[in-house]
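Here the structure is laid out as structure tokens; the discussion comes afterwards.
Just so it is clear, none of the values below were taken in a lab; they were calculated from the coordinates. Since we're looking at a predicted model, the values are computed, not measured. No Cβ is skipped: glycine too gets one built from the backbone with ideal geometry, and neighbour counts run over all protein chains shown.
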């Protein structure tokens with residue numbers, strides 16, 4: 001019922017949004033003699049602000065047409081190379097001819113970035129991808145919006161999520177470098193553990209885990225405490241709703257994106273209010289650059305997706321209530337997940353000093369779990385002065401975190417193995 005009421009509210013606002021857009025255009029028209037007055041600028045800014053806060057934000061585009069490789073502009077084509085109803089693995093294919101002109105036949109490390117499936121689309125990591133592109137062959141997980149997945153597509157839970165990571169790592173082959181950003185940390189660690197337990201040659205060369213709840217008992221944050229204090233039935237009754245009939249995923253039970261967004265905004269409400277007030281003032285002043293930066297950020301931040309009930313509930317139970325991975329009790333398809341089996345994959349953990357979602361120590365916990373990785377193959381880094389999003393995006397990510405990740409990957413990259421499996425990756429791309 002709540003989901004249907006939300007949709008009704010959105011559609012009932014449509015005439016007002018249209019009126020606001022028309023009013024803004026009229027007030028700013030050069031044919032309007034009052035367009036330059038302060039009153040007209042304020043009214044136009046108010047119309048823009050109203051349209052902005054009531055709009056439905058669609059899934060953003062990648063907007064990465066090129067990358068700069070050693071001074072050469074190289075065209076980039078995001079291409080789906082592996083797919084299921086629940087996820088596309090997107091390859092940011094760089095133009096081979098331009099790339100060869102930039103650096104000859106030298107091969108770059110292959111990186112699989114596992115994006116979070118926790119409300120936002122994978123495009124939230126656009127800046128992460130952009131940083132890796134000049135010197136890496138980049139792939140990313142692009143998870144599906146549950147409200148767009150028909151009921152006939154079946155269930156999708158945490159075990160299915162792990163299966164997808166396993167499938168993508170096997171498709172990419174040995175010597176892949178995997179990067180888990182936030183939420184997928186436990187699933188990626190589980191997948192790499194299972195590969196190691198099977199002595200699978202596709203076990204990645206390195207595993208980088210960034211701002212992730214590997215052990216949510218450490219330095220618990222507000223979201224951690226909420227998940228721990230509430231009974232699971234409370235979440236089922238209050239946070240899970242049925243997709244309305246207007247969507248392909250009609251009648252699927254989901255954790256709706258709009259509820260997740262309310263949680264995101266509620267954690268730092270004053271900051272978002274201040275940002276929109278500043279946006280309003282910039283519109284009045286005619287500061288187009290600042291207003292555009294605001295729009296670019298919130299076009300991404302306010303675009304959200306639904307999660308399946310089973311994935312949401314299982315993640316709550318295993319990661320935030322029972323801590324099954326951290327306590328050695330996690331099972332996948334009947335097999336115990338044992339991170340101690342990992343011996344050949346180097347491990348880097350990255351945390352933000354001011355992270356209010358995954359507290360200090362939650363990601364570092366991976367080192368204690370992976371006790372058989374040689375100490376010489378383990379690295380840990382805490383970035384001063386950044387919060388959760390600063391761990392994987394922004395100025396300090398580009399200037400301080402990314403260089404460390406890059407150096408870490410190259411330290412444990414086998415050139416001979418990389419060359420041997422480059423042909424397999426090219427075949428994978430040509431098949432799709």
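Compute the long axis of helix 402-411 from its Cα atoms, compare it with the longest principal axis of the Cα atoms of the chain, and write down the angle in degrees, 0 to 90, nearest 10.
Once rounded, one gets 20 degrees.
The range 33-140: Rg/Rh from Cα coordinates, Kirkwood Rh?
Here Rg/Rh amounts to 1.19.
Report the Cα centroid-to-centroid distance between the range 34-68 and the range 363-384 in angstrom, as an integer.
44
On a 0 to 90° scale, report how tilted helix 288-301 is relative to the longest principal axis of the chain, with both axes built from alpha carbons and the result rounded to the nearest 10.
Approximately 50 degrees, to the nearest 10.
Once you have the Cα-Cα distance between residue 53 and residue 22, take 0.36 nm times their residue separation minus that, and quote the gain in nm to one decimal.
Fully extending the segment from residue 53 to residue 22 adds 9.5 nm.
Would you mind telling me the antiparallel percentage of the DSSP bridges in the chain, rounded to 5?
50
Determine by what factor the alpha-carbon radius of gyration of the chain differs from 2.2 N^0.38 Å, reporting the quotient.
Here the answer is 1.04, to two decimals.
Residue 285 versus residue 251, label points 7 Å from Cα toward the beta carbon: distance in nm?
Label-label distance for residue 285 and residue 251, simple model: 5.5 nm.
What distance in nm separates the simple spin-label points at residue 237 and residue 70, each placed 7 Å from Cα in the Cβ direction?
Once both label points are built, they end up 6.4 nm from each other.
How do the peptides 309-319, 327-337 rank, highest first, by the average count of neighbouring beta carbon atoms within 10 Å per residue?
309-319, 327-337
Looking only at 349, 206, 222, which one moves most when the chain is put into a Gaussian network model with springs between Cα atoms under 10 Å?
It is 222.
If one computes the Cα centroid of the range 284-324 and of the range 128-194, what distance in Å separates the two points?
For the range 284-324 versus the range 128-194, the Cα centre distance is 18 Å.
Using a 7 Å offset from Cα along Cα-Cβ at residue 270, what residues in the range 200-232 end up with backbone N under 20 Å from the label point?
Once the point is set 7 Å along Cα→Cβ of residue 270, 221-223 turn out to lie under 20 Å by backbone N, inside the range 200-232.
Relative contact order for the chain: what percent, with Cα pairs under 8 Å and sequence separation of 6 or more?
Once normalised by length, the contact order is 19 percent.
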